[in-house]
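Structure record follows, encoded as C-alpha cells.
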Amino acid sequence: MLQRDASTARTLLREAAALPGAPAETHFHLGEALAAVSAPDARAAYERYLELAPTGPYASRARRASARR
C-alpha cells in the first residue's frame, strides 16, 4: 500500500506543480517524491523550486539534493 501512496503523491504533486501560480514548495516536495524513481525529474523539480525561491526555507536542501542527482 505504501508504494501506491507514493505513486499517488507523485501524480498529485505533478498536477499541482503544473497549475499556474503553484507555490514554490510544491516543486520542492515534488522533487522529494521523485528522488527515488527519477533523478532527472527530481533535479528539474528542485531547480524549479530554486528559480522561484532561491532563498526559501528549502533552498539549501534543494541545492544539496540537486547536486546529488
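The values are calculated or read from the model by the stated rules, or taken from the named source; none is laboratory data. Note that the coordinates shown come from a computational prediction; the quantities given were computed from them, not determined experimentally. Here the Cβ is made from the backbone with ideal geometry for all residues, glycine too, and neighbour counts use every protein chain on show. These accessible areas exclude ligands, DNA and RNA; they are computed on the full protein's heavy atoms, side chains included. Shrake-Rupley method; radii C 1.70, N 1.55, O 1.52, S 1.80 Å.
Observations
- The angle separating the long axis of helix 24-34 from the principal Cα axis of greatest extent in the chain is about 50 degrees.
- Once both labels are positioned 7 Å from their Cα atoms along Cα-to-Cβ, the gap between S7 and A59 label points is 3.8 nm.
- Inter-label distance, nm, simple model (7 Å from Cα along the C-beta direction), E25/R68: 2.2 nm
- Among [x] 37, 20, 19; [y] 43, 19, 15; [z] 36, 28, 18, the entry that matches Cα extents along the principal axes in Å as calculated here: [z]
- Protein accessible area in segment 1-67, 1.4 Å probe - carbon and sulfur %: 57 percent
- Sum of -39500 (n - 2.57) over DSSP H runs of 4+, divided by residues of the chain (222 nm, nearest 500): -24000 deg cm²/dmol
- Once the C-beta distance of A16 and S38 is scaled by a Förster radius of 22 Å, the resulting FRET efficiency is 0.80 to the nearest 0.05.
- Peptide ranges 40-48, 11-19 listed from the most packed, as the mean C-beta count within 10 angstrom indicates: 40-48, 11-19
- Angle in degrees between helix 39-52 and the longest Cα principal axis of the chain, rounded to the nearest 10: 40 degrees
- For segment 22-69, accessible area per residue (1.4 Å probe, heavy atoms of protein chains only), Å²: 54 Å²
- The C-alpha atoms of the chain define a longest principal axis, and helix 59-68 lies at about 70 degrees to it.
- Relative contact order (percent, whole number), the chain, Cα cutoff 8 Å, 6+ residue spacing: 25 percent
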